[in-house]
Structures are given as C-alpha cells and as structure tokens.
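Structure record follows, encoded as structure tokens.
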Amino acid sequence: MRRMTIEAFITHIENEFEDLKQGTLKPTSNFREEFEWNSINALILIAMVKTEYDVALTASDLVKFQTVQEMYSLIRSRVKT
Amino acid sequence: MALFTIPHIRISGMAACVPRNRKHISDYRWVSKKERDLFKTTVGIEVRRVISNGTTTSDLCQFAARRLLADLNWAKDDIGLLVFVSQTRDYLIPATSGILQDKLGLPKSTISIDINQGCSGFVYGLSIIGSLMNSTGIRKGLLLVGDISSRNTSYRDKSTYPLFGDAGTATAIELSEHASDMHFNLEGDGSGYDAIIIPDGGLRKGLSKTSFNYKRYGKGIHRNNFHVALDGVKVFNFSLREVVPNLKNLLNFTNRTIESVDYIVFHQANKLINETLRKMLKVDPSKIPYSIQKYGNTSSASIPLTMVSELNQELTSKKINLLLSAFGIGLSWGSVLLETDQIICPNVLEY
C-alpha cells in the first residue's frame, strides 16, 4: 500500500475543484463552506476517492462528515491494506 | 456471473436515428449558469435530441431500420426475427415489436419479441437475438433498440431533465459460419430496482390523482410519481463497483487483454463515470469514443448510437475489435467482446 497523507489528499481535492485555490484547504476546513456543494461536486469527490484510494463513499457518508480531516479519516479507515 | 460465447453471428449493418429537435443545456434556466457549466464539463452533455409530441421510440427505430434494410439490400421476406428492446414502448399492451413487424412490411413468419431493458438493453438484446438465431437457424434478424426517456422527466428536476435524450437504432444480424465468436458477460441485481424508477403507472402502483402531485426532493428536484426518479450517487457507485470487474472477468474468460481491443464503447450515462472507469482500467482516451456531448444519455440506444456516430469510418472500412459495456437501470449490466468487419453503416439519421 502506498503511503497516504492528508497533504496528498488535500492536493487531490484541490486539483479536482476549480473553485478551490491551491493551498487554501486545511484539515480543519469545512468543505461545504469552501466551495458550492451540489450533487455534481459530490460525484466528482466520489470519483476522485474511488480512483485514488479505491474507496467507495456513499450518500450517507457524504452527509456525515463536515471537515476535511473527518473525510480523510473515514477514507483512510477503509483503504484496503 | 453469466459468461458465455455465441458463435456464427455477425453484425452486418447498423443505423441510428435521432429527432431533429435540439435542447441545449445552456438554455436550461431551471438551474444557475454556474450549474449548467459544471453539468456540461462534468456530465459531458451540451445538447440533446428530443422528440416532438406523438413520436415514439418505434418511429425512430422504424426510420433507422428502413434505411438500413435499403442500404443492405435485404429482402424483407428473408427477415426471420425482430427483437425490440426499449423501456418506452408504444402501449402498455400489446407489444411494440409486432407493430414494427407490420409497419416494416415483414412477413407473418417473422418472430417478433419485446425486451424490457434500458441502459443494458443493446448488450442483452444482442445476446438474445444471437442465441435465438443459432438455435432456430434463422439467417437474418433485426435488433431494434431505443428509448425516448425525455418523455419521463420533470423539467423541474435537475437530476434527470438535462440528462436524457431520445434515439432509436437498428442493427442487422446475420447467421454465418464464418463469423467470429461473440463473448458475453451479463449480470444484474434487482435489489437496486428503485435506483432508477417511475414509481406509479405500472400494476404495482397504478396511476391515481396523487401520482401527478409534485413534491420537492431537494434543491432543484421537483417531480411527481409518474416522472422518472434517479438516485445519482447510488447509480454512480454501482457503476464504479461493478463495471470494471465485469469487463476483467470477460477478458479473462476469453484470454484476451484490454490492449487487444480497438475501442471500448461505454453506455453514455455520464462522462465522469466513463472517465473514472477509463482511469480504473488504465486505458488511453483514444480508445473510448463519446457521443454524450451531442445526444445526452439515450438509455438503451447509447452504445449503438455511439458506434454509428463516432466509429462510422472504422466500422465501414476495416475489421475492428470492440468491447461494449452497458450498465444502469435494473440494476442490470453486461459486456460483449465482438469483431466487426466493414459493416454497412449510414451516418446518423434525423427524424
């Protein structure tokens, strides 16, 4: 398994969303406040997480977490070793 | 999984027909410009073709079939089988395939069958017409596949209205001792039946006055129970979970590598899904044709429409290996590995 870091995770998110300026997102950021949150953005996030980490996020996962750190922790807990 | 091989069957020709009427995403004022732009870049749809009132799937398929039969120079009396695949048929009863048999002037000896499948319909239909021709010895068959899903959407539902376009297709199938094998992997999971559904209007929940009451299901999502409801996240996750293993199992079954395939034609549901699948399969973008930008999600018609629209020159001029991958409503999904060799394929027709 390749090493997983929150910094790399944040970079992946920033690369996917045009609204996000590089370097603005922090682990404590509430991502719903950082850019317009809608169903298409949810799919973009799901696609990125599946491609990069082979983890599936469900609709209920998406409403559960608020911060980038919470999202990262959930994904990390599901990464296959 | 259902992995199997059908021998002695070839595609001799294909035609696709779309309505003239265009609906541009830029004109969809129910959502903001920002959302429209995001929809175009992410889902990949810029314009859809939408029927006028009174036109049905069978009209589009009939138009495509007439042109195809003329170009192939096939005698109508030689056609022993007509398979019509659609979820937007002319009537609740009777079946539409019989109506098409009559309108196309095919003989009474033509076996006519309806199949109720959506996104996976072309691959399922191909397996059924191919199997039946092998078992009966019928030498020429027509596979008519299409949908007019735009009729089932609510304008005030941003999760469905801008997605669906209409199209009808015709594929000519021939029994031939010299044809190369077609290999299939068909799967399904009915527990996800409600991921894409029109709740009312069948016999489980018949139409009533309340069927037409609009409800709000979220921001920009207002519809009634006679409209199609689509659980985007559920369908998205299903596609990312099932499609790649389905294709890998088919390739293993046939001892083939993905590199040996010239083109992978995915169901055109959403560019983001297909691009994610492409990355998971590690396939070059040049092998993945798209027609979604021009026609939207045309349900069962999307694979043959993409072939006719995007691979026309390749289909008509040389031998090519294709991997077709269909997935969606049902939930139902499947793939087929096949070869075509200089088939008859007129450019996309307008109705």
Region A:6-78 - charge dipole about Cα centre, Lys and Arg +1 at Cβ, Asp and Glu -1, debye rounded to 20: 260 debye
Theoretical gain in end-to-end length, residue B:102 to residue B:75 [0.36 nm per residue, Cα-Cα removed]: 8.2 nm
Averaged over B:32-44, number of beta-carbon atoms from partner chains that fall within 10 Å: 2
Fraction of beta bridges assigned by DSSP in chain B that are antiparallel (%, nearest 5): 70 percent
Residue of B:266, B:63, B:236 that the Gaussian network model of chain B assigns the largest fluctuation, springs spanning Cα pairs under 10 Å: B:236
Residue-averaged [θ]222 nm for chain B, counting only DSSP H segments that reach four residues, each worth -39500 (n - 2.57): -9000 deg cm²/dmol
Of B:258, B:272, B:291, farthest towards positive along the dipole that unit charges on Lys, Arg, Asp, Glu beta carbons give the protein assembly as shown: B:272
Euclidean distance between Cα centres, region B:50-94 to region B:267-316, Å: 23 Å
For residues of A:46-55, the mean tally of beta carbons on other chains within 10 Å: 4
Protection-proxy order for peptides B:47-59, A:12-24, each taking the mean of Cβ atoms within 10 Å per residue, highest first: B:47-59, A:12-24
Prolate/oblate/rounded call for region A:12-81, Cα gyration tensor, a/c under 1.5 rounded: rounded
Selection from B:21, B:343, B:186 lying farthest towards where the dipole of the protein assembly as shown points positive, charges on Cβ: B:21
Ranked B:183, B:8, B:24, criterion: other C-beta atoms within 10 Å, fewest first: B:24, B:8, B:183
Förster radius 25 Å - calculated FRET efficiency between residue B:248 and residue A:76, Cβ distance, rounded to 0.05: 0.40
Order of B:153, A:5, A:11, B:42 under a 10 Å beta carbon neighbour criterion, fewest first: A:5, A:11, B:42, B:153
Sorted by Cβ density within 10 Å, fewest first, the residues B:259, B:187: B:259, B:187
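Where a number appears in this text, it was derived from the coordinates with a stated rule and is not lab data. Nothing here was measured: the structure is a model prediction, and the numbers come from that model. Every residue, glycine as well, gets a Cβ built from its backbone with ideal geometry; the counts of neighbours run over all protein chains shown.
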